[in-house]
Structure formats: C-alpha cells, structure tokens
Amino acid sequence: MRKKDTPKLHATSKNVQIGIADKDRASIAQGLSHLLADTYTLYLTTHNFHWNVTGPMFNTLHQMFMTQYTELWNAVDPIAERVRALGYAAPGSYTAFGQLTKLDDAPLIPPKAEDMIRILVKGNEAVATTARDLLPLTEKAGDQPTTDLLSARMDIHEKSAWMLRSLLEG
C-alpha cells in the first residue's frame with residue numbers, strides 16, 4: 001500500500017521527443033519512482049541486516065546480505081537515470097522515498113536472523129511486484145529500455161527471494 005502523499009513528478013524538460021507519448025512518459029516515470037523508492041528502501045534494510053545479523057548462520061547471511069545490498073546499490077542509479085531520460089526529476093530524499101515505497105522501514109531493534117530473512121523475502125517479492133505492475137504500460141507505450149530494465153529487476157528480485165526462502169526450508 002502506497003503512502004497517501006505521493007510526491008508530484010517534476011518535469012525537467014518540456015521538449016522530450018523520444019517516441020513515447022507525454023502522458024505515458026509521466027506514468028512510466030511515476031512507476032519508476034516507486035520502483036526506485038522500493039529498491040532504495042530494500043537496499044537500506046538489507047545493509048542494516050548485514051551489519052546486525054548474529055547467530056549460527058552469521059557467516060552465510062553476512063556474505064549473502066552484502067552481495068544483495070551491493071546489487072541493490074548498483075540498481076538505483078540505472079532506475080533514477082531512466083526517470084531522467086524520460087524527462088522527469090528522480091526522487092532522492094528519505095521523505096520522498098518514504099512516501100513512494102510500499103515497503104516497511106527496517107525494524108529499529110534488529111530482529112533474529114530468521115526474521116531478517118523473512119523480511120527480505122517479502123521485500124524482494126514486493127519490489128518484483130512493483131516492477132511487474134509497471135510492465136504492461138511500458139510494453140503498450142513501446143518503451144523497450146524501461147521494459148528491459150523492469151525484466152532484469154524482476155529476475156534479480158525473484159531469484160533473491162528464492163535464495164532467501166531456501167534458507168528457511170528444511
């Protein structure tokens with residue numbers, strides 16, 4: 001569920017002629033802003049858990065979380081740059097991200113390792129869903145670069161969720 005006060009998009013150029021209708025560019029940029037906020041929020045939570053994980057799975061989780069937060073960190077720039085290429089300002093504040101994301105913030109008190117895993121499974125599934133929800137619009141608008149970006153993000157988040165879920169089985 002998105003927060004009520006979603007920030008308004010700010011066009012950075014009124015003359016973007018890339019073959020995508022203005023209305024579609026605005027809708028896609030808004031969707032990408034949600035994806036950016038979800039990705040950044042998941043990055044921060046994953047990094048938090050990397051710092052604070054304890055217990056018998058420490059080495060495994062510490063390394064896995066580092067791999068995942070590094071991938072998330074590297075993902076935010078291409079998402080933000082795609083928003084810019086569409087002619088809009090990319091959100092970049094905690095306030096904006098808090099309004100745009102559907103993910104909960106990391107708990108103030110670090111949870112047990114298994115709860116960290118559950119939270120990250122849910123977060124990765126949510127980000128994959130955010131990307132998937134935008135896909136029909138990008139396909140309809142003929143926005144192949146955004147479609148490719150979304151497809152890659154879905155693949156990564158679905159695999160991350162699967163790997164994390166696998167730790168809880170057995």
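The values are calculated or read from the model by the stated rules, or taken from the named source; none is laboratory data. Just so it is clear, the model here is predicted, and its values are computed rather than measured. As a convention, Cβ positions derive from the backbone with ideal geometry for all residues, glycine included, and neighbour counts pool all protein chains shown.
Checking His47 against (1) surrounded by 14 or more Cβ atoms within 10 Å (Cβ to Cβ); (2) at pLDDT below 95; (3) closer than 23 Å to Leu108 by Cα, which single condition isn't satisfied?
Unmet for His47, out of (1) surrounded by 14 or more Cβ atoms within 10 Å (Cβ to Cβ); (2) at pLDDT below 95; (3) closer than 23 Å to Leu108 by Cα: (2).
Test of understanding: among Thr6, Thr60, Thr46, Thr39, which residue is part of a loop (DSSP other than H, G, I, E, B), in contact with a helix residue (DSSP H, G or I) (Cβ under 9 Å, 6 or more places away or on another chain) and either farther than 16 Å from Arg153 by Cβ or not aliphatic (A, V, I, L, M) (or both)?
Thr6
Do the conditions hold for Asp77, that is, is it surrounded by fewer than 18 Cβ atoms within 10 Å (Cβ to Cβ), in contact (Cβ under 8 Å) with a residue 60 or more places away in the chain and of a type outside the set (Gly, Ala, Ser)?
No, not satisfied.
Which residues, taken from region 135-167, are touching a residue at least 40 places away in the same chain (Cβ under 8 Å), surrounded by fewer than 21 Cβ atoms within 10 Å (Cβ to Cβ) and over 28 Å from Met64 (Cα atoms)?
If the condition is that a residue be touching a residue at least 40 places away in the same chain (Cβ under 8 Å), surrounded by fewer than 21 Cβ atoms within 10 Å (Cβ to Cβ) and over 28 Å from Met64 (Cα atoms), then Leu137, Lys140, Ala141, Gly142, Pro145 are the ones that fit.
Assigned to a helix (DSSP H, G or I), surrounded by fewer than 18 Cβ atoms within 10 Å (Cβ to Cβ) and without any contact (Cβ under 8 Å) to a residue 12 or more places away in the chain - does that describe any residue in region 98-113?
No, every residue in region 98-113 fails to be assigned to a helix (DSSP H, G or I), surrounded by fewer than 18 Cβ atoms within 10 Å (Cβ to Cβ) and without any contact (Cβ under 8 Å) to a residue 12 or more places away in the chain.
Considering only region 15-23, I want to know if a residue exists there that is part of a helix (DSSP H, G or I), more than 21 Å from Thr95 (Cβ to Cβ) and of a type in the set (S, T, N, Q).
no
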